[in-house]
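Chemist: Sharing a structure, written as structure tokens. Questions coming.
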Amino acid sequence: MATYKGIQGFTIQNLSADPSNPIEGQVWYNSTSNVWKVEEATTVGTWATGNNMGTARYGHAGAGTQNAAFAAGGNYSPTIATTENYDGTSWTVSGNLGTARYRFPGAGTQTTGLVFGGLTPSPTTVRNQTEEYDGSSWVSSNPLNTARYGLGGAGTQTAGLAFGGNPYDTKTTATEEYDGTSWANGNNMNTARDTLAGCGIQTAALGFGGFAPPVSAATEEYDGTSWVTSNALNTAREQLSGCGTQTAGLAFGGYTGTATTGSTELYDGTSWTNNPNSMGTATNSGSGAGIQTAGLAFGGRTPTPVATTQEYFGPGAAVTKTITVS
């Protein structure tokens, strides 16, 4: 009878833990969990559960990559200033924000991060503060020209973008560009809304979803000068999260007006396509980081605040799967 070694020229590894960097087609036996596993490319995007954050929260800022992200601020009664860093496996506590707040966006990377705007309760105060992050501590910078919360964000620490949001009991189309020091007003969005998501860079950004009212599916692209309306999301929603670029965006989670959704959509620069696999835990008011083929969702509400971390692997990404042996 043919054996695996006879066919492949080598035996299957017996490991006490999964390899840290498996290659596509690699097969091994995990002696700790007593299962056979294989590394293979996904045909459709899929979500996997990661380790929880240290602090459950919603309405927090976040940015970075799937293996190097930050989460800052948020609300879990009370509003917090706590920051955590993610290394692809676990979250660790870092330096606090200068201003505790929630419903504000993040941009940049884990070591060159940016946050701006937001809201603090008791008494309710709409914020314009901007802070820069170096991976361990926050430094205040010049404020937004228009204080607001529930705004969208994109870009980097030296080329950030703020758009939409709520100055207080109204919706705005205001856009501002950050140059690493100060904010300058740009051309307005076409649809005023808050609690929308954003991704991309300052000269090629994407804004989508939000609350106008009603709950919106509107998508707009920014070229560094003007906003142009593009094709709408398949599922209208607010308080959603996103990541990626203007030509390869990812939208996930949010509130449809009647329910929290885990629906996931991919943008190709023209249209949105539904991914057949939704988030394992549907959340709204969470945060996102990464790219379309390697996304990250963390925190949010279900409706109670959660500390969940979920990793997204897009079509073609390598994922580890368990083999059923009969």
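The values are calculated or read from the model by the stated rules, or taken from the named source; none is laboratory data. Just so you know, these numbers come straight off a predicted model, no measurement behind them. Note that each Cβ is placed from the backbone with ideal geometry, even for glycine, and that neighbours are counted across all protein chains shown. Accessible surface areas use protein heavy atoms only, side chains included; no ligands, DNA or RNA. Shrake-Rupley method; radii C 1.70, N 1.55, O 1.52, S 1.80 Å.
Chemist: Is it fair to say THR55 is over 19 Å from GLY290 (Cα atoms), part of a loop (DSSP other than H, G, I, E, B) and at pLDDT 95 or above?
Modeler: Considered against the rule, which asks whether it is over 19 Å from GLY290 (Cα atoms), part of a loop (DSSP other than H, G, I, E, B) and at pLDDT 95 or above, THR55 comes out as yes.
Chemist: Being open to solvent by less than 50 Å² (accessible area, probe 1.4 Å) and over 26 Å from GLY244 (Cα atoms) is the filter here; which residues of region 105-124 pass it?
Modeler: Within region 105-124, just THR120 meets the criteria.
Chemist: On to the next question. Among the listed residues GLY155, GLY113, GLY209, GLY198, which satisfies the condition of being at positive phi, in contact with a Phe, Trp or Tyr (Cβ under 8 Å, 6 or more places away or on another chain) and of a type outside the set (S, T, N, Q)?
Modeler: GLY155
Chemist: Does TRP47 fit the bill of being farther than 30 Å from ASP134 by Cβ and at pLDDT 95 or above?
Modeler: yes
Chemist: So, of the residues in region 10-35 that are among the hydrophobic types (A, V, I, L, M, F, W, C) and open to solvent by 90 Å² or more (accessible area, probe 1.4 Å), which turns out to be modelled with the highest pLDDT?
Modeler: The extreme case among them is ILE23.
Chemist: Among ALA217, ALA147, ALA159, which is the only one that is modelled with pLDDT of 95 or more, of a type in the set (Gly, Ala, Ser), closer than 18 Å to THR109 by Cβ and more than 17 Å from the chain's Cα centre (by Cα)?
Modeler: Answer to the selection: ALA159.
Chemist: Ok, one more. If you check TYR58 against the conditions, is it of a type in the set (Ser, Thr, Tyr) and touching a His at 6+ places or on another chain (Cβ under 8 Å)?
Modeler: Against the criterion (of a type in the set (Ser, Thr, Tyr) and touching a His at 6+ places or on another chain (Cβ under 8 Å)), TYR58 does not qualify.
Chemist: Please verify whether region 294-303 includes one or more residues that are within 18 Å of LEU196 (Cβ to Cβ), open to solvent by 20 Å² or more (accessible area, probe 1.4 Å) and either outside any loop (DSSP other than H, G, I, E, B) or touching an Asp or Glu at 6+ places or on another chain (Cβ under 7 Å) (or both).
Modeler: yes
Chemist: For the structure I just gave you, tell me whether TYR102 is open to solvent by less than 10 Å² (accessible area, probe 1.4 Å), within 25 Å of ASN52 (Cα to Cα) and among the aromatic types (Phe, Trp, Tyr).
Modeler: no
Chemist: Still on this model: Inside region 152-171, can you point out the residues that are hydrophobic (A, V, I, L, M, F, W, C) and open to solvent by less than 10 Å² (accessible area, probe 1.4 Å)?
Modeler: The answer is ALA154, LEU161, ALA162, PHE163.
Chemist: Here is a follow-up. Which of (1) touching a residue at least 12 places away in the same chain (Cβ under 8 Å); (2) farther than 30 Å from ILE12 by Cβ; (3) out of contact with any Phe, Trp or Tyr (no Cβ under 9 Å at 6 or more places or on another chain); (4) surrounded by fewer than 16 Cβ atoms within 10 Å (Cβ to Cβ) is the odd one out, the single condition TRP138 does not satisfy?
Modeler: The number of the failed condition is (4).
Chemist: Next question, about the same structure. Please determine whether any residue of region 56-79 is closer than 22 Å to GLY207 by Cβ, surrounded by fewer than 18 Cβ atoms within 10 Å (Cβ to Cβ) and in contact (Cβ under 8 Å) with a residue 24 or more places away in the chain.
Modeler: Yes, the conditions are met somewhere in region 56-79.
Chemist: OK, next. Report, ordered by the first and then the second residue, all pairs with beta carbons closer than 9 Å, sequence separation of six or more or different chains, a first member in region 259-284 that is closer than 12 Å to ALA248 by Cβ, and a second member that is modelled with pLDDT under 95.
Modeler: That search, which allows pairs on different chains as well, returns LEU266/GLY45; LEU266/GLY314; LEU266/PRO315.
Chemist: Let me ask you something else. Which of the following residues is of a type in the set (Gly, Ala, Ser) and within 21 Å of GLY62 (Cα to Cα): GLY186, GLY209, GLY224, GLY257?
Modeler: Just a single option satisfies the conditions, and that option is GLY209.
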